Amino acid sequence: MSSYQKELEKYRDIDEDEILRTLSPEELEQLDCELQEMDPENMLLPAGLRQRDQTKKSPTGPLDRDALLQYLEQQALEVKERDDLVPFTGEKKGKPYIQPKREIPVQEQITLEPELEEALANATDAEMCDIAAILGMYTLMSNKQYYDAICSGEICNTEGISSVVQPDKYKPVPDEPPNPTNIEEILKSVRNNDKELEEVNLNNIQDIPIPMLTELCEAMKKNTYVRSFSLVATRSGDPIANAVADMLRENRSLQSLNIESNFISSTGLMAVLKAVRENATLTELRVDNQGAKSALLITHSDETSFFDLPKGWWCGTMNQAESMADRSHLSFPQRQWPGDAVEMEMATVLEQCPSIVRFGYHFTQQGPRARAAQAMTRNNELRRQQKKR
């Protein structure tokens, strides 16, 4: 047994209760303060909870933050700055380093023809960079300079030889202009079965009222000229998906349907997929990138807004939304996965509908993905054979 362990043996039989009974009130108070000591290095705790409160004075009044900041600023201005031990004068000391010129030995000197000597003497830095790349001296330049000189038939390096890697300068891409489609005119043309209207593109128009979209789907049931119908990023939900499903059961001219980047749940997708089975003219279907069903706060205080709530659709103004007592259900939508059942239904629809040759969806399960790929290959092969006949 070591000496340290022998030293600890005398404390084994100490009665702690007896020691606490013999302590005075002042000693108990000091012991209590020591037990309240917290971890000052714990960065997860607020600064006021990292150690015990040692203030015994009563507060002199309420906290005035502005007055405190003004007092601290005034104190900082009144404190005299400490003088530097060595004052800064800006004087440069020492001599700048000048690299000595290295004389090339006679055996390393290369003598070229006069024409080449003159050409190299008059060559620019960009031309010298391209010559070095052609000769394979890739260690003298960056990878971009080397491959630009090798792959291009012209002198494309605007700077000299440099091994410093610099980022490429890309031209800024402007945002896409807003969709100029007039929804009321489109609805009127669809109702009148206008033969000049073959494409309905409502992409990125996010303030379309639900009744108007429902009327548009209702008018598409009788239309015989529209070939493409696109509702990308229109914040459509299950009510619009059900309207689209009803439209697919009766329309016999539509060939392309795109409802990507919306807030259609698995129930709405299942309704659309079941309706596709009853449609023999649809050749392209895109349903990817759907979001979860959640509340959406839209537009301004004086305009009508729509909220996709768990209990259904609610229509109202921003002021009415702000006056609601419980706003805990208002949240931003989250991207969701529709589930195994929906993906299996997609694969089954592609197997049973040979007319579909283009399908837009990113499968997450291997089984439905393989079935869908096999079905798409078969459908495209059938389409190719039909064109050869």
Packing-ranked peptide list from 98-106, 211-219, highest mean Cβ count within 10 angstrom first, is 211-219, 98-106
Where PHE359, PHE229 fall by accessible area, highest first, once all protein chains stay in place (1.4 Å)
PHE359, PHE229
Which order, highest average first, do 343-353, 185-195, 62-72 follow once you tally other Cβ atoms within 10 Å for each residue and take the mean per peptide?
343-353, 185-195, 62-72
With θ taken as phi - 60° and the coefficients 6.51, -1.76 and 1.60, list the Karplus ³J(HN,Hα) couplings across the range 230-237 in order, rounded to whole Hz; mark glycine and proline as x.
10, 10, 6, 6, 10, 6, 7, x
How about the range 1-90: which GluC sites (Glu not before Pro) there lie in a loop by DSSP and see at most 12 other Cβ atoms within 10 Å?
GLU37, GLU41, GLU81
Show LEU31, LEU257 ordered by accessible area, largest first, where the area counts protein heavy atoms only and the probe is 1.4 Å.
LEU31, LEU257
Scalar couplings 3J(HN,Hα) for the range 21-32 by Karplus 6.51 cos²θ - 1.76 cosθ + 1.60 (θ = phi - 60°), nearest whole Hz, x for Gly and Pro, are 5, 8, 6, 7, x, 5, 5, 5, 5, 5, 5, 5
The set of residues whose placed amide H lies less than 5 Å from the amide H of GLN255, leaving out same-chain residues fewer than 5 positions away, is SER228
Check GLY360: other-chain or 5+ apart residues with amide H under 5 Å from its amide H, H built from backbone geometry?
LEU285, ARG286, VAL287
Of all GluC sites (Glu not before Pro) in the range 252-287, the ones in DSSP coil with at most 12 other Cβ atoms within 10 Å are GLU278
Test of understanding: extend the Cα→C-beta vector of LEU31 to 7 Å, then name every residue of the range 1-20 with backbone N under 19 Å from that spot.
11-20
Across the range 253-259, in residue order, what do the Karplus-derived ³J(HN,Hα) couplings come to in whole Hz, using 6.51 cos²θ - 1.76 cosθ + 1.60 with θ = phi - 60° and x for Gly and Pro?
10, 6, 10, 9, 10, 10, 10
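The values are calculated or read from the model by the stated rules, or taken from the named source; none is laboratory data. Worth saying up front: this structure is predicted, and the values here are computed from it rather than measured. All Cβ positions, even for glycine, are placed from backbone atoms using ideal geometry, and neighbour counts span all protein chains on display. Quick note on the areas: whole protein, heavy atoms, side chains included, nothing else; ligands and nucleic acids left out. Shrake-Rupley method; radii C 1.70, N 1.55, O 1.52, S 1.80 Å.
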